[in-house]
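The values are calculated or read from the model by the stated rules, or taken from the named source; none is laboratory data. As the structure is a computational prediction, the values presented were derived from the model and not from experiment. Here the Cβ is made from the backbone with ideal geometry for all residues, glycine too, and neighbour counts use every protein chain on show.
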Amino acid sequence: MDIERLAGHLDDARRHGREVERLTLEAPELDLPQAYRVMDAGIALRIAHGERVIGLKMGLTSEAKRKQMSLGAPIYGVLTDAMVVRGTFHLGGTLHPKIEPEIAFRFGRGLPRAADRSGVLAACTGVGPALEILDSRYRDFKYFSLPDVVADNASSSHVVLPERWLDVEGRDLSRVELVMSIDGTPRQRATGAAISGDPVLSVVQLCALLEERGQSLPPGSVVLAGAATVAEPLAAGMKVELDAGWLGSVSVRVEP
Ligand code: OOG
Ligand code: MG
């Protein structure tokens with residue numbers, strides 16, 4: 001398996017805004033551990049182009065997302081500083097962008113390999129609402145298998161991070177009401193419980209996935225816990241807002 005070549009192929013597709021066929025058409029034997037290595041190699045290419053890793057994102061942590069994508073298990077992807085959007089998102093260079101409601105965590109120190117719920121809460125220095133903008137490098141945003149989507153950095157494209165980070169202590173994130181509106185009309189609603197039963201448990205799952213790969217969450221990381229609902233397609237002119245009750249809100253304007 002030529003991990004570097006597959007990573008370069010997907011990185012070219014991303015940089016040139018050009019769709020490609022899913023990797024498993026050409027490499028049906030690509031398994032999940034190899035797919036994570038393709039993801040790592042793709043991130044190494046982005047670092048070589050001057051990007052900096054700021055954290056990780058969980059994906060497919062809600063039943064709604066697993067159904068939408070016909071995929072069965074949580075995965076993770078990597079976030080870099082170049083993915084962070086503030087205020088306005090320009091569609092130029094994207095292929096088939098979608099947006100979804102998320103909850104973000106911030107960690108001052110790193111997390112131990114097999115962190116549990118209390119370990120995650122103890123290390124957390126803030127939580128807030130976030131919007132993830134997904135894009136897939138695969139034709140029609142179809143990939144059919146976990147290795148395909150993992151190799152493509154779990155369809156990561158951009159992220160709108162919280163404007164304010166709140167203290168999570170004594171709060172129950174599973175009861176947060178999330179409403180994602182487009183141009184003022186509510187389009188997706190869920191409670192935090194849609195995310196792994198409790199978004200904190202998504203971070204616990206992330207630590208377990210990292211441990212399987214002999215890794216742990218680095219200090220200073222931001223973590224997206226995974227979307228609470230299905231993703232909505234993005235189009236120029238939209239204003240997308242996520243209202244998350246006591247957690248606050250976050251919004252983005254979409255331009256060509
Ligand atoms: C995979 C990424 C899923 C989430 O929050 O569930 C994800 C995809 O939908 O293509 O980011
Ligand atoms: Mg997501």
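One residue is enough: does region 84-103 have a residue meeting the conditions within 9 Å of ligand 1 (Cβ to nearest atom) and among the acidic types (Asp, Glu)? Yes, there is a match, as at least one residue in region 84-103 is within 9 Å of ligand 1 (Cβ to nearest atom) and among the acidic types (Asp, Glu). Among residues of region 58-83 being of a type in the set (A, V, I, L, M, F, W, C) and within 11 Å of the chain's Cα centre (by Cα), the one that is nearest to ligand 1 (Cβ to nearest atom) is LEU60. Taken over region 95-136, the criterion of being under 30 Å from GLY237 (Cβ atoms) and among the β-branched types (Val, Ile, Thr) is satisfied by ILE99, ILE103, ILE133. Screening LEU111 against (1) within 13 Å of ligand 2 (Cβ to nearest atom); (2) surrounded by 19 or more Cβ atoms within 10 Å (Cβ to Cβ); (3) modelled with pLDDT under 95 leaves a single unmet condition, (1). Under the condition of being more than 10 Å from ligand 2 (Cβ to nearest atom), under 22 Å from LEU166 (Cβ atoms) and in a loop (DSSP other than H, G, I, E, B), the residues counted in region 57-106 number 3. Of the residues in region 122-155, how many are within 11 Å of ligand 1 (Cβ to nearest atom), among the charged types (D, E, K, R) and farther than 18 Å from VAL85 by Cα? Total meeting the criteria: 4. Residues that are modelled with pLDDT of 95 or more and either touching a Cys at 6+ places or on another chain (Cβ under 9 Å) or aromatic (Phe, Trp, Tyr) (or both) within region 138-151 comprise just one, TYR138.
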